[in-house]
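Engineer: For reference, the structure I am asking about is given below.
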Amino acid sequence: MIGNDIVDLACAHRTSNWQRPRFLDKLFTSGEQDLIRAAADPERLVWLLWSCKESVYKIVHRQTGHRFFAPRKIVCDLLTAQSATQPARARVTYQGQSFACQSEVGPAFIHTVAFSTATATGFAARTFYLAQPTPRGQRQQVCAGLWEDCQGAGDFSAEALEIRKNEQGIPLLFLAGVQQAASLSISHHGCYVAYALTRGELILNQKKTVRTAR
């Protein structure tokens, strides 16, 4: 399974005062708060840790079907900082389960992808900037990216790709009317939208003739 989260840093700075009383206490363990206070850029680390927690939450929500708010129970240990060639990596635990996270920390956003195993391979992830974000614009960008990432599944048009949500609000990927086993996670914040998709086997309905639009 996979989960992802994106933080628009400018939006977070405008709308969330992480230094207000008890803000950190509500979201972070004492160990995480020690990391924040010792960081060269505490605000950026706040949102990096938060994006890791939110990404793992999406996996747990997919597993259980239940929504909850308990960020202090999702515990982050930063393992390696981002380098010129490698993303930031973290280990995250929740009720005995261990997850791996990797994060792209840019000047304008933080995008984290979480996995239910320690092997952070076999996935596609994209981020998009929208100057005037709308639900329709976000959906169009995500569908366009997914269509490119799913081209190996066969010859099908962009219109054959659908995103549907189940009763718990979890996004599901359909190609030519066939639900895919690949795990899809979508996130948006401020002017950014992002997704992560596992590289599972993609299946087309062989009873239908689906051709790429010319």
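Just so it is clear, none of the values below were taken in a lab; they were calculated from the coordinates. Values in this document were obtained by computation on a predicted structure and should not be read as measured data. For neighbour counting, all protein chains shown are included, and Cβ atoms are generated from backbone atoms with ideal geometry for every residue, glycine included.
Engineer: Hey, of [x] 58, 39, 36; [y] 56, 34, 28; [z] 46, 39, 30, which did the structure itself give for Cα extents along the principal axes in Å when calculated?
Structural biologist: [x]
Engineer: For the chain, what are the DSSP H helices with axial Cα length of 15 Å or more and mean Kyte-Doolittle hydropathy of at least -0.5?
Structural biologist: Long hydrophobic helices here: 42-64.
Engineer: Note down the nm distance, to one decimal, between modelled labels 7 Å out along Cα→Cβ at Asn17 and at Ala131.
Structural biologist: 3.3
Engineer: Just from its helices, what would the mean residue ellipticity at 222 nm be for the chain, if runs of 4 or more DSSP H residues each count -39500 (n - 2.57) and the sum is divided by every residue, rounded to the nearest 500 deg cm²/dmol?
Structural biologist: Rounded to the nearest 500, the figure is -8500 deg cm²/dmol.
Engineer: Also, I was wondering about something else. Could you work out which residue, out of Ala124, Ala81, Ala100, moves most in a Gaussian network model of the chain, that is, has the largest mean-square fluctuation with Cα springs under 10 Å?
Structural biologist: Among Ala124, Ala81, Ala100, the largest mean-square fluctuation in the Gaussian network model of the chain belongs to Ala81.
Engineer: Among Glu32, Glu162, Glu54, rank each residue by its count of other Cβ atoms within 10 Å, from fewest to most, as a rough exposure measure.
Structural biologist: Going from sparsest to densest Cβ surroundings: Glu162, Glu54, Glu32.
Engineer: Going by average Cβ density within 10 Å per residue, which order do the peptides 64-71, 3-10 take, highest to lowest?
Structural biologist: Answer by packing, highest mean first, reads 3-10, 64-71.
Engineer: In addition: Determine the sum of side-chain charges near Leu130: Lys and Arg each +1, Asp and Glu each -1, restricted to other residues whose C-beta is under 15 angstrom from that of Leu130.
Structural biologist: That works out to +2.
Engineer: How many lysine pairs are close in the chain, with Cα atoms under 25 Å apart and the two 8 or more places apart or on different chains?
Structural biologist: Counting lysine pairs in the chain gives 9.
Engineer: Between Arg199 and residues 5 or more places away or on another chain, which pairs have amide H atoms under 5 Å apart, with H built 1.01 Å from N, and which residues are they?
Structural biologist: Long-range HN contacts for Arg199: Phe123, Ala124.
Engineer: So for Tyr57, Tyr195, Tyr94, fewest C-beta neighbours within 10 Å to most, what's the order?
Structural biologist: Tyr94, Tyr57, Tyr195
Engineer: Shifting gears a bit: From Cα pairs below 8 angstrom and at least 6 apart in sequence, can you work out the relative contact order of the chain, rounded to a whole percent?
Structural biologist: Once normalised by length, the contact order is 24 percent.
Engineer: Right, next: Going by how many other Cβ atoms sit within 10 Å of their own, how do Val56, Val105, Val46 line up, fewest first?
Structural biologist: Final ranking by Cβ density, sparse to dense: Val105, Val46, Val56.
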